Structures are given as structure tokens and as C-alpha cells.
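Here is the structure we will look at, set down as C-alpha cells.
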């Protein structure tokens, strides 16, 4: 995975690179998504695989980040081939969040930075990566507090590993009314997002979101101005249709960790990838195994959301321009 951040514009791009053309699925539940190449992943269509997935700030301008990723991968001879001597054609789905109103310098004229940021994200990709206010999460907000980029993973036993990556720019809140306890607190492992448990029965949980008047004044209540973008992945040999089911189940993780979720203002989208390194059974138990992976993906996504906000609220080191 790789990040590229533009500090002047307060925006960025995060790219998830696959080792090959992995089976992939996507499920969209927000009312205002910004997407590219998602229909390519539909189970009824021809390809159903991806070479990379891109998450980007910049609203519609950010879709150009996938152009940069596609160019670099094709130059590395990664992609599909329709003829033996043709260019490699990478399949690079992309989803964007709206961070244009965050105060950064957006005077880019006819040359938005996202294609270049996509290129840089690929060039800087590696197994270790930062969380918080970086990459696609640089300009994000989670309700009325800073949003960001988060990740979490889980080993299920039997060799199955599930992971999640998320860029949190939601209209809903990731924290309870006390301002410090995450809605996802029950899924926390080893104090990974601060170890704050709810104070008890005295907390008023009747208000499901930050006040509409405050959100409106900040420009948060606009279609497309808020989005939670997730990528969940596992090492099992899932089909495209099974990836779709995992993506659908993983959305529960957003609903558990953000209140409210999937609103008309959000572009909530979850991609699912499967590396195929571990073979599942081919009998009647396979559906149960897929269900287990989807359940774990939802839990990981909840944790990743809380970690995104937690790391974004910590003191940040300057990111590269």
C-alpha cells in the first residue's frame, strides 16, 4: 500500500496494490458516491478482478488518481492483455471523498494534482504504511472532528487472515457524545485506539449525530461532502461473487462504528479483495467459511474506522509535499 499527500492542498491519495489480478467485489450504500470502474467488478460482467484499488480525496477531480496508478502499472507490464503484443491494461477501481472545503489551496487550475499523486502513491508503496491524517485521509473529517486513514487485521485460525483499510470522511460521528469513546469500542484489541470504554448508563445516546445546524454551517450536509471508503481483503480463494458478499457484510462495520451511516450525504463504498493463497473447502461448508470472513471483515472495518480517527487526532509528523 502507498500514500501520497499534498500538504498545501490538504488532500491525498492511497493506493492498494494487488500482487496479481485478484478477484474483487464492491458494494455501494452511500447516497452520493464518486466512483470509477466499479461495474467492472460486478459478478455478471467479464472481468471481476482488480490489479489495484485507489482511494482519493478531491471529489470528482480525485478520480484522476486512478489514471496515474494505471499508467505506472501498465509501464510495469501489469494488467490484462487482449492481444499478445498489446499494452497491459490494469483494472484499477477508484472511489473518492469530498475534501474540497477543508481550507487547503485548491487553486490548481487546469492541472489538478491527483494523477501525479496516484503515480507517487504507487512508487512509494510498501508493506508498512502510516495511519491518520495522510494519503486519502489527509483532508477528511469525521462529523465535527478530524477524520483520517485507518487499518486493522485479524487472524481467524486455520491460516485465514482478514484485513481492512478505511478513509473516514463521514457526516456521522465515530465517537459517542462524551467526545472520546468510539462507537467501535467493543471491538478494540490491545488498546489500539486509546482504550476508552463508555462511562455507563448516564450518557445520553438519543442524538444519533452531531447537530444539523453545526454540520450545516461547516458545509458537511451536502451531497457528496461526506464519505467512508473501505477496502477489505483476505487470503482465501474467493470468487468475484463471494467478494461481493464479503463487501456487503463488511458494511456492517461502518454502521457499528459511525452514527449515522449510509446517509444521503455519504458516498459509503466498500471494496473486497481476495489473494487466493488459501484454498477453502468446496463442499457445503464453504458458505459458512465465506460468512466467517465477511463477519471478520466487518469487525476489522469497525476497528479501522476508530483507528483512523484516533491516529488523526494524535500529533502528526509533517507529510511529504
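The values are calculated or read from the model by the stated rules, or taken from the named source; none is laboratory data. Values in this document were obtained by computation on a predicted structure and should not be read as measured data. Ideal geometry is used to build each Cβ from the backbone, glycine not excepted, and the neighbour counts take in all protein chains shown.
Might you let me know whether segment 128-150 holds any residue that is surrounded by fewer than 12 Cβ atoms within 10 Å (Cβ to Cβ), closer than 30 Å to residue 34 by Cα and either at pLDDT 90 or above or in contact with a helix residue (DSSP H, G or I) (Cβ under 7 Å, 6 or more places away or on another chain) (or both)? Talk me through it step by step, then tell me what you get.
Of segment 128-150, the ones surrounded by fewer than 12 Cβ atoms within 10 Å (Cβ to Cβ) are 128.
Retained after the next criterion (residues that are closer than 30 Å to residue 34 by Cα): 128.
Going one step further and asking which of them are either at pLDDT 90 or above or in contact with a helix residue (DSSP H, G or I) (Cβ under 7 Å, 6 or more places away or on another chain) (or both), we end up with 128.
Within segment 128-150, one or more residues are surrounded by fewer than 12 Cβ atoms within 10 Å (Cβ to Cβ), closer than 30 Å to residue 34 by Cα and either at pLDDT 90 or above or in contact with a helix residue (DSSP H, G or I) (Cβ under 7 Å, 6 or more places away or on another chain) (or both).
Do the conditions hold for residue 130, that is, is it touching a strand residue (DSSP E or B) at 6+ places or on another chain (Cβ under 7 Å) and in a helix (DSSP H, G or I)?
It is false that residue 130 is touching a strand residue (DSSP E or B) at 6+ places or on another chain (Cβ under 7 Å) and in a helix (DSSP H, G or I).
Starting from segment 242-265, take each residue that is without any contact (Cβ under 8 Å) to a residue 40 or more places away in the chain and list its partners that are buried (at least 22 other Cβ atoms within 10 Å of the Cβ), counting only C-beta distances under 8 angstrom and pairs at least six apart or across chains.
That search, which allows pairs on different chains as well, returns 255/261.
Mind checking which pairs have a first residue in segment 108-119 that is closer than 11 Å to residue 54 by Cα and a second that is assigned to a helix (DSSP H, G or I) and at pLDDT below 95, Cβ under 9 Å, 6 or more apart or different chains?
No pair meets every condition.
Only one of these is touching a helix residue (DSSP H, G or I) at 6+ places or on another chain (Cβ under 7 Å) and at pLDDT 90 or above: 274, 247. Name it.
274
How many of the residues in segment 263-288 are under 24 Å from residue 29 (Cβ atoms), more than 14 Å from the chain's Cα centre (by Cα) and not in a strand (DSSP E or B)?
Within segment 263-288, residues that are under 24 Å from residue 29 (Cβ atoms), more than 14 Å from the chain's Cα centre (by Cα) and not in a strand (DSSP E or B) number 4.
Please enumerate the residues belonging to segment 60-72 that are out of contact with any helix residue (DSSP H, G or I) (no Cβ under 7 Å at 6 or more places or on another chain) and surrounded by 22 or more Cβ atoms within 10 Å (Cβ to Cβ).
Across segment 60-72, the qualifying residues are 63, 70.
Would you point out which residue out of 166, 162 is assigned to a strand (DSSP E or B), within 14 Å of residue 229 (Cβ to Cβ) and in contact with a helix residue (DSSP H, G or I) (Cβ under 8 Å, 6 or more places away or on another chain)?
The conditions single out 166.
Which is out of contact with any strand residue (DSSP E or B) (no Cβ under 7 Å at 6 or more places or on another chain), farther than 23 Å from residue 275 by Cβ and in contact (Cβ under 8 Å) with a residue 24 or more places away in the chain, of 4, 8?
Being out of contact with any strand residue (DSSP E or B) (no Cβ under 7 Å at 6 or more places or on another chain), farther than 23 Å from residue 275 by Cβ and in contact (Cβ under 8 Å) with a residue 24 or more places away in the chain holds for just one of 4, 8, which is 8.
When only residues in segment 20-58 that are crowded, with 22+ Cβ neighbours inside 10 Å and not in a strand (DSSP E or B) count, which is nearest to the chain's Cα centre (by Cα)?
My answer is 57.
Looking only at segment 105-127, which residues are in a loop (DSSP other than H, G, I, E, B) and buried (at least 22 other Cβ atoms within 10 Å of the Cβ)?
Of everything in segment 105-127, just one residue is in a loop (DSSP other than H, G, I, E, B) and buried (at least 22 other Cβ atoms within 10 Å of the Cβ), namely 113.
From 17, 87, 46, 73, grab the single residue that is in contact (Cβ under 8 Å) with a residue 12 or more places away in the chain and more than 13 Å from residue 119 (Cα to Cα).
Going through 17, 87, 46, 73 in turn, just one is in contact (Cβ under 8 Å) with a residue 12 or more places away in the chain and more than 13 Å from residue 119 (Cα to Cα): 87.
Against the condition surrounded by 24 or more Cβ atoms within 10 Å (Cβ to Cβ), modelled with pLDDT of 95 or more, in a helix (DSSP H, G or I) and in contact with a helix residue (DSSP H, G or I) (Cβ under 9 Å, 6 or more places away or on another chain), how does residue 233 come out, does it pass?
Against the criterion (surrounded by 24 or more Cβ atoms within 10 Å (Cβ to Cβ), modelled with pLDDT of 95 or more, in a helix (DSSP H, G or I) and in contact with a helix residue (DSSP H, G or I) (Cβ under 9 Å, 6 or more places away or on another chain)), residue 233 does not qualify.
Identify the residue in segment 73-103 that is surrounded by fewer than 17 Cβ atoms within 10 Å (Cβ to Cβ) and in contact with a strand residue (DSSP E or B) (Cβ under 6 Å, 6 or more places away or on another chain) and, among all such residues, is farthest from residue 138 (Cα to Cα).
Checked segment 73-103; the qualifying residue farthest from residue 138 (Cα to Cα) is 80.
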